[in-house]
Amino acid sequence: MTSSLRSALADVGLEVLCPSYRRGHQLIETAKYFPFVQAVVSESEADQYRKNGNAVVVCPDAVQGNKCRVMNWILDRAEAAGLRGVLMLDDDVQFIARYDKRVDRKLNDAEFAHFVWNGFQMAEDCGVYLWGVNIMPDKMSYRENTPLGFVKYIGGPFQAVRCGVGLRYDERLSLKDDYDFTLQNLNKHRRTLRFNQYHYGARQNEQTGGDATYRTVDEEKRQNELMIRKWGGRIVQHDMLGASRKNRQKALAFDLNLVIKPPIAGV
């Protein structure tokens, strides 16, 4: 089943890949739930990843160490191979689920593969080059009368990019890649596509390796300020609601996340 689903997606020009770094001591989290995904790892780490059961795509060692650089390599590789698109998942995704009659139901392998195919097909039909899913698993974040969003933030754990996007990730913003790439797409293509009924679960900041090798509070703050300088303070703002009530009363209030407010009408 694993190889057949991977082949079925490849037959229609699609891949599902997980950039991964310094987590080869075990089967990556995402592959436990969706075995057909492949980890993108550097040459020096490839054998260790394979030893622990991971299917791998090997990138040069010089590419590794910056998530945006790895994702740009993935996009360059996909376009050179003539693919339609590539879904890049974080390597710690624990599930993809959807709300069905108010019930939160996790997708199995085959359902997820079909969703990937369908998502890219809808993106092509809508003229969208970046699509994704709801960033919140809470039922309150999904409203049945708004099943799709077209000016929404596409979170880093699930970023599906059509080849020919004409954009690349900003390597200066390796901790804010999803905010920046969302804004790049909205600026160039005027829309993204988000399936609000679907959502992911991911461990994100809870593991060693990956972004944790260079994620510090100072670096988060530096990249937040760089985002504000790049896009302007009306479009990119600090998430003051993410700070505690006590901290919001202080000048030093700080949250890792940003809020983006693209000046484009729509849902």
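Every number in this text was worked out from the coordinates using simple rules, so none of it is lab data. Because the structure is a prediction, the values reported are computed rather than measured. Ideal geometry is used to build each Cβ from the backbone, glycine not excepted, and the neighbour counts take in all protein chains shown.
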*Taking the residues in the range 101-132 that are over 19 Å from the mean Cα position of the chain (by Cα) and touching a residue at least 40 places away in the same chain (Cβ under 8 Å) as candidates, determine which candidate is nearest to Val57 (Cα to Cα).*
Ala110
*Residues of the range 163-180 being outside any loop (DSSP other than H, G, I, E, B) and either touching a Pro at 6+ places or on another chain (Cβ under 9 Å) or under 23 Å from Phe112 (Cα atoms) (or both), which ones?*
Asp178
*Sort out which residues of the range 56-86 are of a type in the set (D, E, K, R), within 18 Å of Ala10 (Cβ to Cβ) and either in contact (Cβ under 8 Å) with a residue 40 or more places away in the chain or in contact with a helix residue (DSSP H, G or I) (Cβ under 7 Å, 6 or more places away or on another chain) (or both), and write them in order of number.*
Glu79, Arg84
_Number of the exception - Asn118 against (1) within 18 Å of Ser20 (Cβ to Cβ); (2) polar (S, T, N, Q); (3) surrounded by fewer than 22 Cβ atoms within 10 Å (Cβ to Cβ)_ = (1)
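Residue by residue, here is whether (1) farther than 27 Å from Arg172 by Cα; (2) among the aliphatic types (A, V, I, L, M); (3) in a strand (DSSP E or B) holds:
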position	(1), (2), (3)
Met71	no, yes, no
Glu79	no, no, no
Val86	no, yes, yes
Asp104	yes, no, yes
Phe112	yes, no, no
Val116	yes, yes, no
Ala123	yes, yes, no
Arg143	yes, no, no
*Looking at (1) closer than 17 Å to Ile135 by Cβ; (2) in contact with a strand residue (DSSP E or B) (Cβ under 8 Å, 6 or more places away or on another chain); (3) of a type in the set (A, V, I, L, M, F, W, C); (4) in a loop (DSSP other than H, G, I, E, B), find the lone condition where Leu183 falls short.*
(4)
_Condition check for Ala160: assigned to a strand (DSSP E or B), out of contact with any Asp or Glu (no Cβ under 6 Å at 6 or more places or on another chain), touching a residue at least 60 places away in the same chain (Cβ under 8 Å) and of a type in the set (A, V, I, L, M)_ = yes
